[in-house]
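Only one structure is covered here, and it is reproduced in the block below.
The values are calculated or read from the model by the stated rules, or taken from the named source; none is laboratory data. In this text, all values refer to a predicted model and were calculated from it rather than measured experimentally. Every residue, glycine among them, receives a Cβ derived from its backbone with ideal geometry; neighbour counts consider all protein chains shown.
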């Protein structure tokens with residue numbers, strides 16, 4: 001695969017960036033598209049009858065169609081939010097708080113990002129619904145699927161497509177099977193694809209999830225934009241999430257009427273600049289050979305795993321087989337050194353890795369630890385980056401162990 005670093009001005013300063021699972025870098029083509037829009041085309045979406053507003057609105061809706069085509073859904077099912085977290089909260093307020101009652105079950109996993117755990121805790125507290133957890137196998141580091149988990153009480157299933165700590169957590173076909181089992185008992189399904197969508201193109205018509213959540217900045221797009229894809233047959237069960245602005249069709253002093261979805265869920269001013277950026281990103285994606293990208297990331301992760309294995313007392317947290325055969329991140333710990341110390345010293349050498357619980361504190365508690373290190377790659381990561389990380393990691397660990405003697 002060709003070196004794409006030249007497309008990202010971030011790397012002009014020479015930093016080795018291995019924290020793309022937190023936020024990915026943005027190609028210059030995307031930044032230029034947003035800047036050009038703000039310089040010469042910026043106008044209110046939906047609100048003007050003059051040419052620049054009508055042109056901006058047309059372009060905005062064209063990109064909604066572009067996103068719909070990318071994910072194989074109807075454009076009427078594409079909702080713009082401020083991020084994946086807001087997208088999940090939209091489902092919480094617009095669907096769960098409207099439809100769930102005491103005794104209903106929300107099926108989730110114990111390894112979720114806080115953004116796909118805390119909202120359901122609140123729903124359970126406010127409605128009397130019950131949180132029920134899918135089994136997590138500490139040996140395989142995979143989620144276990146049991147048909148007995150799905151009953152007439154199951155009303156909502158909310159799970160990650162890919163863990164931001166462990167990487168792949170489903171055996172092949174299990175996520176599809178989970179959706180089918182949920183639908184067989186009449187439950188709705190939310191898939192948190194914030195990590196997965198950056199590295200895998202999903203066909204939502206085939207997947208069949210009712211709610212599908214994406215974060216633009218993890219896909220190399222702009223910060224401050226999320227995508228919520230909703231199956232259109234779910235709309236009659238939902239109420240507006242926020243009120244005012246573009247989500248209204250008519251307003252009287254004592255009563256108002258809403259727009260049809262998706263605009264019904266897009267209160268306030270449109271995310272115009274960010275959406276322009278996401279459209280430019282999808283165009284940029286077309287220049288990347290997807291099969292070559294998968295092989296490239298696979299090779300990098302295999303090299304990273306070898307580096308970690310070469311350090312005495314190291315432990316990889318996720319399923320090693322899945323990580324080696326298609327992952328883009330590896331979380332690990334090293335006996336006798338604290339993750340934050342390692343990340344801090346690597347940072348002093350211009351190498352960015354993540355340390356902490358990665359917004360998945362319950363998962364770390366299940367694993368018997370408070371924090372871990374995480375290394376993640378993207379299309380712009382090179383073998384030279386990984387080699388430099390390996391040399392620096394050995395030096396840092398030796399330095400910390402020497403200091404503690």
Qualifying residue in segment 188-205 (condition: farther than 24 Å from residue 115 by Cα and more than 13 Å from the chain's Cα centre (by Cα)): yes
Failed criterion for residue 369 (all others in (1) out of contact with any strand residue (DSSP E or B) (no Cβ under 7 Å at 6 or more places or on another chain); (2) more than 25 Å from residue 219 (Cα to Cα) hold): (1)
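Matching residues to (1) assigned by TED's automatic domain parsing to the domain that holds residue 322; (2) over 30 Å from residue 28 (Cβ atoms); (3) in contact with a helix residue (DSSP H, G or I) (Cβ under 6 Å, 6 or more places away or on another chain); (4) modelled with pLDDT under 95:
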site: 111; (1), (2), (3), (4): no, yes, yes, no
site: 137; (1), (2), (3), (4): no, yes, no, no
site: 149; (1), (2), (3), (4): no, yes, no, no
site: 157; (1), (2), (3), (4): no, yes, yes, no
site: 164; (1), (2), (3), (4): no, no, no, no
site: 169; (1), (2), (3), (4): no, yes, no, no
site: 182; (1), (2), (3), (4): no, yes, no, no
site: 223; (1), (2), (3), (4): no, no, yes, no
Filtered residue count, segment 312-321, keeping only those that are more than 18 Å from residue 140 (Cβ to Cβ) and crowded, with 17+ Cβ neighbours inside 10 Å: 1
Residue in segment 207-220 that is at pLDDT below 95, outside any helix (DSSP H, G or I) and either touching a helix residue (DSSP H, G or I) at 6+ places or on another chain (Cβ under 7 Å) or surrounded by 23 or more Cβ atoms within 10 Å (Cβ to Cβ) (or both) present: no
Helices (runs of 4 or more DSSP H) (entirely within segment 15-109) containing at least 1 residues that are loosely packed, with under 14 Cβ neighbours inside 10 Å and without any contact (Cβ under 8 Å) to a residue 12 or more places away in the chain: 28-36, 51-71
The one condition in (1) under 20 Å from residue 136 (Cβ atoms); (2) without any contact (Cβ under 8 Å) to a residue 12 or more places away in the chain that residue 402 fails to fulfil: (1)
Only one of 359, 379 that is at positive phi and part of a loop (DSSP other than H, G, I, E, B): 359
Only one of 56, 84 that is modelled with pLDDT of 95 or more and either out of contact with any strand residue (DSSP E or B) (no Cβ under 7 Å at 6 or more places or on another chain) or not assigned by TED's automatic domain parsing to the domain that holds residue 136 (or both): 56
Flag for residue 227 being closer than 22 Å to residue 116 by Cα, buried (at least 23 other Cβ atoms within 10 Å of the Cβ) and modelled with pLDDT of 95 or more: yes
Count of segment 129-144 residues which are over 22 Å from the mean Cα position of the chain (by Cα) and touching a residue at least 40 places away in the same chain (Cβ under 8 Å): 2
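Each row is one residue, and each column tells you yes or no for (1) crowded, with 16+ Cβ neighbours inside 10 Å; (2) touching a strand residue (DSSP E or B) at 6+ places or on another chain (Cβ under 9 Å); (3) closer than 21 Å to residue 381 by Cα; (4) in the same structural domain as residue 297 (by TED's automatic domain parsing).
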position	(1), (2), (3), (4)
323	yes, yes, yes, yes
328	yes, yes, yes, yes
332	yes, yes, yes, yes
336	no, no, no, yes
344	no, yes, yes, yes
348	no, no, yes, yes
353	yes, yes, yes, yes
358	yes, yes, yes, yes
363	yes, yes, no, yes
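Here is a yes/no grid of residues against (1) more than 17 Å from residue 68 (Cβ to Cβ); (2) free of Cβ contacts under 8 Å to residues at least 60 places away in the same chain:
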position	(1), (2)
223	yes, no
227	no, no
233	no, yes
240	yes, no
244	yes, yes
248	yes, yes
253	yes, yes
256	yes, yes
262	no, no
Condition met for residue 359 (farther than 21 Å from residue 317 by Cβ and in contact with a helix residue (DSSP H, G or I) (Cβ under 6 Å, 6 or more places away or on another chain)): no
Condition broken by residue 10, with the remaining ones in (1) in contact (Cβ under 8 Å) with a residue 12 or more places away in the chain; (2) within 27 Å of residue 267 (Cβ to Cβ); (3) not assigned by TED's automatic domain parsing to the domain that holds residue 266 satisfied: (2)
Among (1) more than 14 Å from residue 107 (Cβ to Cβ); (2) surrounded by 23 or more Cβ atoms within 10 Å (Cβ to Cβ) - the single one residue 161 does not satisfy: (2)
